[in-house]
Amino acid sequence: MLWIALLPEPADASSPSSDALSGIASWALQFTPRVAILEAVALGLEVEASTRLFGGKRALLTRIREEAEQLGITRRARAPTSLAALALARSGISNGFAKPLAALLDSLPLECLTAASRHSAVLARLGCRTLGDVRRLPRGGMARRFDAALLESLDRAYGLRPESYEWVSAPDTFEAILELMSRVETAPALLFGARRLLLQMSGWLSARRSGVTAFTLHWAHDAMRSRETGEGDALTVRTAQTTRNIEHLSRLLAEQLAKVSLEAPVGDLRLTADEVYPLIENSASLLSDPQENVETLALALERIAARLGPDRVRRPRLRADHRSEWMGWWQASEEPVPRQQPEPSPVPQPTFLLPEPLKLAVKANRPLYQGPLQLLVGPHRVEGGWWHRTGIGPDAQSLNVARDYWVALSAHAGVLWVFQTRLARDQGAWFLHGVFA
């Protein structure tokens, strides 16, 4: 068995709050479903069955250590039993496998085991200073003089009695609260505490195989604020794609907080996951992929939009229309990507489209543009748009087209996209509509 005990530092002289333990437990569920609250002051993770999933014992322990430090957890230990790991964490010993377990525990003071610390005064008068001294006392006399919890805790810590816990389960919704160590007066400084909450949310999402498209950071103003100031405020961050990438979510939040001015100092933070959806994960590759650490276009657009504003960043989209003028359109970056995209046109499409088709001269029934054009591919007929009208009443105009498109070659202008109209009023007319790069 491989138990890891995480002992959070309390905000005051008392033990950590239940809200703090619940938030850390939500983060820990990404590593193993066997997460238990130890004596209402610490978390215990039984991770023996999860080592292969995370690339081995060393990789798993390293990741837990790095993320635990970001959550402010500096006291942790691993051991074959949960109570042994907790006792070692309290004494500052992190590795419970360096020596035989009994040798490590025998040297620990009584305060490392809760059941023994309750009787520390009596045990001290008996000459007991360490857990090893207590173990050497006659068990019959201990059972008559002390409660059963002392012998039971000793046996469980030394692995002589099985341990059983009620495992923590992931809640249906995520909400985490953090009391800041000091009052914060600028919004960007909230990111330090908000990142801890984001890390907890990322672990909760990983345990549920899900991601978010929206989350909200709430903050409460200090009680000594002015009367005109409200109790607090909130900031909602949205993403175009479902994700739980902690770095991307932190960057988006940082860009949004840079635009916020706090009305009063902030003392508490609360993070909620508003829109949660299942996340389809990619299978890991046996060989390292150099593209894994490259930021995708969608993530880069979201980060730029968070800085410049969503109305200033747009992305191209295809519309189910065969007419070149209305085939493409620009979508605001904050709007979700349509799940069903139209199929691209099977014929070549120009790189650049003219704002208005340019009518060409014709000589010997051949279009001219900086000289005679050589027709390469075509014709490709595009006909439709009778339903598309502009204006109202007598000013309404139909946008119906009937064209034969060709890929043409010009000796001076390169490859062009031209068409010949088939409407009665422009019979046989040729137009330049686009240019291939």
Would you check if Ser206 is modelled with pLDDT under 90, out of contact with any strand residue (DSSP E or B) (no Cβ under 9 Å at 6 or more places or on another chain) and among the small types (Gly, Ala, Ser)? no
Please specify each residue of the stretch 385-400 satisfying the condition of being open to solvent by 10 Å² or more (accessible area, probe 1.4 Å), touching a residue at least 12 places away in the same chain (Cβ under 8 Å) and not polar (S, T, N, Q). Trp386, His388, Leu399
Residue in the stretch 90-101 that is of a type in the set (Gly, Ala, Ser), touching a residue at least 12 places away in the same chain (Cβ under 8 Å), out of contact with any helix residue (DSSP H, G or I) (no Cβ under 6 Å at 6 or more places or on another chain) and under 25 Å from Ser153 (Cβ atoms) present: yes
So which of Ala121, Ala98 ends up being out of contact with any Asp or Glu (no Cβ under 9 Å at 6 or more places or on another chain), aliphatic (A, V, I, L, M), at pLDDT below 95 and under 24 Å from Thr74 (Cα atoms)? Ala98
Among the residues of the stretch 134-168, how many are of a type outside the set (D, E, K, R), part of a loop (DSSP other than H, G, I, E, B) and touching a residue at least 24 places away in the same chain (Cβ under 8 Å)? 6
Within the set of pairs 6+ apart or on separate chains, which have a first residue in the stretch 344-367 that is touching a residue at least 24 places away in the same chain (Cβ under 8 Å), a second that is of a type in the set (Asp, Glu), and C-beta atoms under 8 Å apart? Leu353/Glu325
Return a yes/no flag: does the stretch 235-242 have any residue that is surrounded by fewer than 17 Cβ atoms within 10 Å (Cβ to Cβ), modelled with pLDDT of 90 or more and not β-branched (Val, Ile, Thr). no
When the stretch 180-228 is examined, which residues are found to be open to solvent by 60 Å² or more (accessible area, probe 1.4 Å), in contact with a helix residue (DSSP H, G or I) (Cβ under 8 Å, 6 or more places away or on another chain) and under 13 Å from Val266 (Cα atoms)? Pro188
Inspect the stretch 420-427 for any residue being over 49 Å from the mean Cα position of the chain (by Cα) and under 20 Å from Pro350 (Cα atoms) and give the result as yes or no. yes
Residues in the stretch 82-101 that are surrounded by fewer than 16 Cβ atoms within 10 Å (Cβ to Cβ) and either more than 20 Å from Ala68 (Cβ to Cβ) or not polar (S, T, N, Q) (or both): how many? 5
Taking the stretch 353-376 as the search range and keeping residues that are open to solvent by less than 70 Å² (accessible area, probe 1.4 Å) and in a loop (DSSP other than H, G, I, E, B), which one is modelled with the lowest pLDDT? Gly371
Those residues of the stretch 299-314 that are at pLDDT 75 or above and open to solvent by less than 30 Å² (accessible area, probe 1.4 Å) come to a total of 1
With respect to Gly414, determine if the residue is over 19 Å from Trp326 (Cα atoms), under 48 Å from the mean Cα position of the chain (by Cα), surrounded by fewer than 13 Cβ atoms within 10 Å (Cβ to Cβ) and not acidic (Asp, Glu). yes
Quick one: count up the residues across the stretch 35-45 that are surrounded by fewer than 21 Cβ atoms within 10 Å (Cβ to Cβ) and either among the acidic types (Asp, Glu) or within 23 Å of the chain's Cα centre (by Cα) (or both). 1
Does Ala79 satisfy the criteria of being open to solvent by less than 50 Å² (accessible area, probe 1.4 Å), touching a residue at least 40 places away in the same chain (Cβ under 8 Å) and touching a strand residue (DSSP E or B) at 6+ places or on another chain (Cβ under 9 Å)? yes
Yes or no: the stretch 340-352 includes at least one residue that is farther than 30 Å from Thr243 by Cβ, modelled with pLDDT of 75 or more, in a strand (DSSP E or B) and touching a strand residue (DSSP E or B) at 6+ places or on another chain (Cβ under 9 Å). yes
Taking the stated definitions as given, is Pro379 touching an Asp or Glu at 6+ places or on another chain (Cβ under 6 Å), modelled with pLDDT of 80 or more and either under 29 Å from Gly414 (Cβ atoms) or open to solvent by less than 50 Å² (accessible area, probe 1.4 Å) (or both)? yes
Which listed residue, of Ala170, Ala148, is at pLDDT below 90 and closer than 30 Å to Tyr277 by Cβ: Ala170
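The values are calculated or read from the model by the stated rules, or taken from the named source; none is laboratory data. Being a predicted model, the structure only gives us computed values, none of them experimental. Quick reminder, even Gly has a Cβ in these numbers, built from the backbone with ideal geometry, and neighbours come from all protein chains shown. We work out accessible area using only protein heavy atoms, side chains counted, and drop any ligands, DNA or RNA first. Shrake-Rupley method; radii C 1.70, N 1.55, O 1.52, S 1.80 Å.
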